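What follows is one structure encoded as structure tokens, with my remarks underneath.
The values are calculated or read from the model by the stated rules, or taken from the named source; none is laboratory data. From a predicted model like this one, the values you see are computed outputs, not experimental measurements. Glycine also receives a Cβ, built like all others from the backbone with ideal geometry; neighbour counts cover every protein chain displayed. When the accessible area is computed, the model is the full protein with side chains, heavy atoms only, and any ligands, DNA or RNA have been set aside. Shrake-Rupley method; radii C 1.70, N 1.55, O 1.52, S 1.80 Å.
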Amino acid sequence: MTKNLDKYKGIIPAFYACYDDEGNVSPERVQKLAKYYLGKGVKGLYVGGSSGECIYQTVEERKLVLENVMKAVGGQMTIIAHVAAPSTRDSIELAKHAEKLGVDALAAIPPIYFVLPEPAIEAYWTSIMEATNLDFIIYNIPQTTGYALSENLFKKMMTKEQVIGVKNSSMPVMDINMWKLRAPKENIIFNGPDEQFVGGRVMGADAGIGGTYGVYPELLLEADRCVREGELDKALEIQLCVNDLISQLTSFKGNLYDVMKLILAQRGVAVGRARYPLPHVEESEMDRVTKVRENIDKAIEKYVG
């Protein structure tokens, strides 16, 4: 059966973990951030992934986040729930919960920590997928999981009706080209590395899911428009600008997510700080956070108006 994959095509920010001032998941802040992105006009949200600090949250906390995203914007945006957890049992529990809430799709990285043989990874993904009737997206991010999706496993997974494609965060853009051209059926490929969004789109990616999109969604929306409408010179110029901003965002002693949360707070969308052990931005760096936020504002004004 042919699926309509258009609801996945566009800019999908990876949703940030939202905590109160004591570091607990804040339903109110989750809802406010979700509505903030709805107002920006992005296609959807990717909830519960790396940007959502999923590996530092309990199963119940992850459920609470997704519940409040759906309460705020469910039915108004495409919602992809990342449900990978250290155990298959927890992953299945998260998957079933996500289906009950009405999300559009599930995604999962391979199992982490132990180096597992490929058949075990296939069994893990298949167990999650078969627990629901939802679309399923493979998440390929070898730099953090230690496993690079092989063409063999990709083809096996793509024979399953629920599997619609790959969120590809490996750095070589040729991987995107390979997944797109060698799939045995229609698929959707999400570009993962924000630094190569335009290159990924040109090489065949249909959409983008990114961790830094949340602090400048306007720039990615405009870059995507430029790619679709053939304005590649401007698209590349925006990409260079984004890459410079990423260099600034990653230049702090504090973790990238903590930096971006501070920038959002300056925009009036407080979501707390990153959860330890992710290091926080030091007080001596706070003025630089403001400077980066001002540089983002200038870029948006220049390229979007």
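Residues checked against (1) within 22 Å of Tyr36 (Cβ to Cβ); (2) over 17 Å from the mean Cα position of the chain (by Cα); (3) not β-branched (Val, Ile, Thr):
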| position | (1), (2), (3) |
| --- | --- |
| Glu229 | no, yes, yes |
| Leu240 | no, yes, yes |
| Asp258 | yes, no, yes |
| Arg273 | yes, yes, yes |
| Asn295 | yes, yes, yes |
| Ile300 | yes, yes, no |
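Annotation: of all residues in the range 169-195 being part of a helix (DSSP H, G or I), open to solvent by 70 Å² or more (accessible area, probe 1.4 Å) and among the charged types (D, E, K, R), the one that is modelled with the lowest pLDDT is Arg182.
Just one residue in the set Thr126, Thr132 is in a loop (DSSP other than H, G, I, E, B) and surrounded by 16 or more Cβ atoms within 10 Å (Cβ to Cβ); that residue is Thr132.
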